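Let me begin by presenting the structure, written as structure tokens, before commenting on it.
The values are calculated or read from the model by the stated rules, or taken from the named source; none is laboratory data. Since the structure is predicted, the reported quantities are computational estimates derived from the model, not experimental observations. Note: ideal-geometry Cβ built from the backbone for every residue, glycine included; neighbour counts use all protein chains shown. Side chains are part of the model used for accessible areas, which takes the heavy atoms of the whole protein and leaves out ligands, DNA and RNA. Shrake-Rupley method; radii C 1.70, N 1.55, O 1.52, S 1.80 Å.
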Amino acid sequence: MKPRERVVVFTGAGVSAESGLRTFRDGDGLWEEHRLEDVATPEAWSRDPELVLRFYDERRTQVRKAVPNAAHLAIAALQDRFEVDVVTQNIDDLHERAGSERVLHLHGEILMARSSVDPGLRYPIMEDRIPRDARCAKGSPWRPDVVWFGEPVPLIPVAADLVARADRLVIVGTSLQVWPAAGLVHEAGPAAMVVLIDPGEVSLPRPGIRHIKTKASSGMPELALEWIRSID
Ligand code: OAD
């Protein structure tokens with residue numbers, strides 16, 4: 001039997017848009033009425049931790065209410081025929097709930113907290129709110145386990161290795177404006193098939209990319225069907 005082809009699915013906010021979670025750059029430049037720098041930077045955390053905690057508490061409530069859409073389900077269905085790794089910039093858990101088994105969250109996870117002094121100390125958040133009195137093993141308060149602007153993205157080398165070994169890369173619902181995540185596309189090998197699914201005018205980072213200009217909930221199931229048929 002031939003070894004299964006390796007697929008990397010690289011997703012951004014657009015894949016969760018049809019589950020009711022807002023994207024970052026499609027609207028008024030605000031993220032749920034806030035400027036990113038007021039809620040998603042280490043400076044914001046130093047200035048007003050309660051505002052930051054409240055903001056992410058609201059996002060957590062939204063995520064828990066949201067359900068995976070047809071794009072998340074189609075991505076999970078690819079696992080029947082391919083070796084699939086999902087590399088997501090999203091902090092929601094919709095890929096996991098759709099059934100994807102290997103999901104790498106480049107920008108962290110909204111359902112996890114971490115120590116505010118040691119990123120290695122991570123804790124699941126059982127309620128919608130981060131408990132304000134919770135302390136890590138080193139005695140510091142919990143903060144959301146998400147990557148803020150200006151912070152390192154420690155999983156980039158792991159993601160880069162996955163992309164470099166992929167036979168097929170599908171990029172779904174990302175404006176490719178935020179680095180270093182956007183640079184991952186350049187890690188794909190010269191022979192890799194690269195497809196972008198996004199209804200917007202995303203400037204293509206390299207030649208030879210097929211742009212399917214539709215919403216994820218229709219484009220992703222169609223592509224999954226096409227890919228599964230192509231190898232059956
Ligand atoms: P953006 O908001 O920058 O881009 C969303 C993309 O989704 C755009 O290209 C839209 O055209 C596309 N889109 C909108 N609706 C869609 C749909 N129904 N189906 C498919 N695509 C759709 O979001 P990201 O690229 O994910 O980082 O943003 C990257 C990072 O910037 C985020 O992870 C976050 C943010 O600041 C951090 O918080 C560190």
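Would you call ALA160 outside any strand (DSSP E or B), in contact (Cβ under 8 Å) with a residue 12 or more places away in the chain and open to solvent by 40 Å² or more (accessible area, probe 1.4 Å)?
Here the answer is no, as ALA160 does not meet what is asked.
Mind telling me which of the residues TRP179, TRP142 ends up being open to solvent by 30 Å² or more (accessible area, probe 1.4 Å) and in the same structural domain as ARG54 (by TED's automatic domain parsing)?
Of TRP179, TRP142, the one residue that is open to solvent by 30 Å² or more (accessible area, probe 1.4 Å) and in the same structural domain as ARG54 (by TED's automatic domain parsing) is TRP142.
Give me the pairs, please: first residue somewhere in region 213-226 and within 8 Å of the ligand (Cβ to nearest atom), second residue anywhere and assigned to a loop (DSSP other than H, G, I, E, B), beta-carbon distance under 7 Å, and either six or more positions apart or on two chains.
Sorted first by the residue in region 213-226, then by its partner, the pairs are THR214/PRO199; LYS215/GLU18; LYS215/PRO199; ALA216/GLU18; ALA216/GLY173; SER217/GLU18; SER217/ASN69.
Considering only residues that are acidic (Asp, Glu) and touching a residue at least 12 places away in the same chain (Cβ under 8 Å), which ones fall in region 163-212?
ASP167, GLU187, ASP198
Looking at region 188-203 only, could you name the residues that are within 15 Å of the ligand (Cβ to nearest atom) and either farther than 17 Å from VAL8 by Cβ or more than 21 Å from the chain's Cα centre (by Cα) (or both)?
Of everything in region 188-203, those that are within 15 Å of the ligand (Cβ to nearest atom) and either farther than 17 Å from VAL8 by Cβ or more than 21 Å from the chain's Cα centre (by Cα) (or both) turn out to be PRO199, GLY200, GLU201, VAL202, SER203.
If I ask for residues that are of a type outside the set (A, V, I, L, M, F, W, C) and either surrounded by 13 or more Cβ atoms within 10 Å (Cβ to Cβ) or closer than 24 Å to PHE10 by Cα (or both), which ones from region 113-134 would you list?
ARG114, SER115, SER116, PRO119, ARG122, TYR123, ASP128, ARG129, PRO131
May I ask you to list the residues in region 19-78 that are in contact with a His (Cβ under 9 Å, 6 or more places away or on another chain) and among the hydroxyl-bearing types (Ser, Thr, Tyr)?
Result: SER19, single match.
How many residues does region 120-154 hold that are away from the ligand (no atom under 12 Å from the Cβ), assigned to a loop (DSSP other than H, G, I, E, B) and either touching a helix residue (DSSP H, G or I) at 6+ places or on another chain (Cβ under 6 Å) or touching a residue at least 12 places away in the same chain (Cβ under 8 Å) (or both)?
Qualifying residue count for the region: 12.
Restricting attention to region 71-80, does a residue exist that is free of Cβ contacts under 8 Å to residues at least 24 places away in the same chain, polar (S, T, N, Q) and closer than 20 Å to ILE197 by Cβ?
Yes, region 71-80 contains a residue that is free of Cβ contacts under 8 Å to residues at least 24 places away in the same chain, polar (S, T, N, Q) and closer than 20 Å to ILE197 by Cβ.
Residues that are touching an Asp or Glu at 6+ places or on another chain (Cβ under 7 Å) and not small (Gly, Ala, Ser): find the helices (runs of 4 or more DSSP H) completely inside region 2-102 holding 3 or more of those.
In region 2-102, 49-65 are the helices (runs of 4 or more DSSP H) which contain 3 or more residues that are touching an Asp or Glu at 6+ places or on another chain (Cβ under 7 Å) and not small (Gly, Ala, Ser).
State all residues of region 173-184 that are near the ligand (Cβ under 6 Å from one of its atoms) and aliphatic (A, V, I, L, M); if no residue qualifies, say none.
Scanning region 173-184 gives a single hit, VAL178.
Examine region 9-30 for a residue that is of a type in the set (Asp, Glu) and within 26 Å of MET193 (Cβ to Cβ), and state whether such a residue exists.
Scanning region 9-30 turns up at least one residue that is of a type in the set (Asp, Glu) and within 26 Å of MET193 (Cβ to Cβ).
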